[in-house]
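To start, the structure under review is shown below, and the notes come after it.
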Amino acid sequence: MLLLLLGQVFKDERLSQLDSLPEFETHSAVLTKMYMNQVLRKDELTKFENSLAPHQKAVMGDGLTIVERAVIEHNMVAVSKLYTSIYFKELGQLLGVEAARAEKVAAKMIMDGSLLGSIDQVDGLLLCTDSTDSALLSWDESITSFCVQLNRVTDSVRGE
């Protein structure tokens, strides 16, 4: 649902007009990177965050603002598309958080189903699973199952 909404905003020709407004000049770049699943750096968000209203900067129970949490989760998904595995220490550096927080966010996202992968706690690794690979494997299994069933039907018709 969020991707559909981002897609509509991304395709709206008025998005580029935001660059001409000083308080919104970074908004189109941030929305474009989010839609394209690109990693957002902290320096890119500073001006964006400064344009937000005070209630949009409220700190939640986990010590992060809504924007910070959303960006960390977005960047986690973006990183999962770039890497097959990454150490939490390196992931934390990319996300701008401590390794322990990166692991905690990854675990929550994996449990929620918003991130495909697994955690190797012994080695401190996030192992990313590509959703297109699993979709292709599922498709391949369906075709194989169909072919096996078709062969059984053909064999039984020939045998009669």
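Things worth noting here:
- Where only DSSP H runs of four or more residues are counted, the chain gives -19500 deg cm²/dmol as its mean residue ellipticity at 222 nm, each run worth -39500 (n - 2.57).
- Principal-axis tilt of helix 66-82 within the chain, Cα atoms, nearest 10 degrees: 40 degrees
- Think of a 1.4 Å ball rolled over the protein heavy atoms: the chain then has 69 Å² of accessible area per residue.
- Per-residue surface analysis assigns M109 an accessible area of about 10 Å², computed on protein heavy atoms at 1.4 Å probe radius.
- Förster-model FRET efficiency, 30 Å R0, E90 and I66, C-beta, rounded to 0.05: 0.70
- Cα lying deepest toward the dipole's positive end in segment 67-160, options A78, V67, S114, charges on Cβ: V67
- Counting 0.36 nm for each residue step from A100 to E25 and taking away their Cα separation leaves a gain of 23.6 nm.
- Under 28 Å from K108, Cα to Cα: lysines that are on another chain or at least 8 residues apart: K33, K42, K57, K81, K89
- In a simple Cβ point-charge model (Lys, Arg +1; Asp, Glu -1; nothing else charged), the chain has a dipole of about 220 debye relative to its Cα centre.
- In the chain, the portion of solvent-accessible area held by carbon and sulfur atoms comes to 59 percent [1.4 Å probe, whole percent, DNA, RNA and ligands not counted].
The values are calculated or read from the model by the stated rules, or taken from the named source; none is laboratory data. None of the values given here were measured: they were computed from a predicted structure. Quick reminder, even Gly has a Cβ in these numbers, built from the backbone with ideal geometry, and neighbours come from all protein chains shown. These accessible areas exclude ligands, DNA and RNA; they are computed on the full protein's heavy atoms, side chains included. Shrake-Rupley method; radii C 1.70, N 1.55, O 1.52, S 1.80 Å.
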